[in-house]
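Derivation of every value follows stated rules applied to the coordinates shown; laboratory data play no part. Quantities reported herein were computed from a predicted structural model and do not represent experimental measurements. For neighbour counting, all protein chains shown are included, and Cβ atoms are generated from backbone atoms with ideal geometry for every residue, glycine included.
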Amino acid sequence: MSGAGERRGAGRAAGLPQALAVPAAGLLLGLGIDVIEAARIRRLLERLPRAYERLFSPQERAYCDDFADPWPHYAARFAAKEAVGKALGIGIIGFVWRDVEVLSGGKPVVALHGDVAAVARRLGVSRIELSLSHTGGTAYAVAAALADGTGARPARHDAGPRAGHEEEEPHV
């Protein structure tokens, strides 16, 4: 059902402002979920301060550190990295954690770099949709790896993070 003056299938529900427009659909290639306690991330980062730089980009650290209680935000970003790895079928071992970057504080945006971006390209992933939440000391992340639906799905057998090492611009 379309509103007055709107094209059917224009990607926007009737009567919704542009800010609430429904994103374009895509072919779901993979889905990942992760849950982690904020206290676990806090213990890790307090015990191993070098983990801040190994796990989180400067932008992620700046965002989290801007809160009086940064731990739920760090936990949500850590869970997001694991969820993205699962959505891409590479799991959580064998990739550089900073190669999955969670940007922005509103609707989270995923930027993929390095080997993880190369895996996503081989799989035909055009974007990662991400949902984050944290409550009661627990952080949750769900990631969906989507293709634009215009081409055939590439085979997943060579999708490991070490298959090919081309370096390109960040994949979003």
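Ordered by packing density, taken as the mean number of other Cβ atoms within 10 Å over each peptide's residues, highest first, how do 140-146, 80-86 rank?
Working: 140-146: 23.3, 80-86: 25.0.
The packing order, highest mean first, is 80-86, 140-146.
In a reduced charge model with +1 at each Lys and Arg Cβ and -1 at each Asp and Glu Cβ, the stretch 47-136 shows a dipole moment near 260 debye about its Cα centre.
Can you check how the C-alpha radius of gyration of the stretch 29-147 compares to 2.2 N^0.38 Å, as a plain ratio?
0.98
Taking 2.2 N^0.38 Å as the expected size of a compact globular protein, what ratio does the Cα radius of gyration of the stretch 32-82 give against it, to two decimals?
Values: Rg = 10.1 Å, N = 51, 2.2 N^0.38 = 9.8 Å.
In units of the globular-protein estimate, the stretch 32-82 measures up at 1.03.
When you count, for each residue, the other Cβ atoms within 10 Å and take the mean per peptide, how do 87-94, 129-136 rank with the highest first?
Working: 87-94: 17.1, 129-136: 15.4.
Taking the mean over residues of other Cβ atoms within 10 Å, the ranking is 87-94, 129-136.
The residues packed around residue 134, meaning those with a beta-carbon under 13 Å from its beta-carbon, carry a net charge of 0 if Lys and Arg are +1 and Asp and Glu are -1.
Label the stretch 92-132 by shape, choosing from rounded, prolate and oblate, from the square roots a ≥ b ≥ c of the eigenvalues of the Cα gyration tensor; if a/c is under 1.5 it is rounded, and otherwise prolate applies when a/b is larger than b/c, oblate when it is not. It comes out oblate by the Cα gyration axes.
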